[in-house]
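Can you read through this structure? Questions will come right after.
The values are calculated or read from the model by the stated rules, or taken from the named source; none is laboratory data. Since the model is a prediction, treat every value here as computed from it, not as a measurement. Note that each Cβ is placed from the backbone with ideal geometry, even for glycine, and that neighbours are counted across all protein chains shown.
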């Protein structure tokens, strides 16, 4: 199971790199074409926008798993162990609720826009809103895992074993 999870997050990192490289190549190429040849590739702006949105949500999932988001825990660390654990579980439950709402809203947008073509490429705009669905599902799974880990008595200050595999 650990290898499967590691493989999933490695795939996400590779996809993030692909999105970033795609954005750089298309935007830089378009700038060169505009200034040097007075031409442009119309689809490059749309693909770059899609890559940026997907990169943002993929990066958010990877950082959520590695606990890389900014946090302030000054008051939390002043609590006794049981209070700290309780607050962490409560915060994970609130984040689970927010991620679930985000998933539900993205799911509705994806369904509404599934038959709407994008302006230039003609791709389904549902795929664009699918990035939010991907984030919502992944974030909910991570929050559920953290809730179970904390409820079972997992270490409060040490990231879980799955995040420790990274340097």
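Wholly within region 22-114, which helices (runs of 4 or more DSSP H) include no fewer than the required count, namely at least 2 residues that are within 20 Å of residue 9 (Cβ to Cβ) and touching a helix residue (DSSP H, G or I) at 6+ places or on another chain (Cβ under 7 Å)?
Of the helices (runs of 4 or more DSSP H) lying wholly inside region 22-114, those with at least 2 residues that are within 20 Å of residue 9 (Cβ to Cβ) and touching a helix residue (DSSP H, G or I) at 6+ places or on another chain (Cβ under 7 Å) span 42-65, 81-113.
Out of all the residues in region 6-23, is one or more more than 30 Å from residue 123 (Cβ to Cβ) and either without any contact (Cβ under 8 Å) to a residue 24 or more places away in the chain or within 18 Å of the chain's Cα centre (by Cα) (or both)?
yes
On to the next question. Look through 71, 44 and report the one residue that is more than 14 Å from the chain's Cα centre (by Cα) and surrounded by 13 or more Cβ atoms within 10 Å (Cβ to Cβ).
44
Among the residues of region 104-127, count how many are within 16 Å of the chain's Cα centre (by Cα) and modelled with pLDDT of 95 or more.
4
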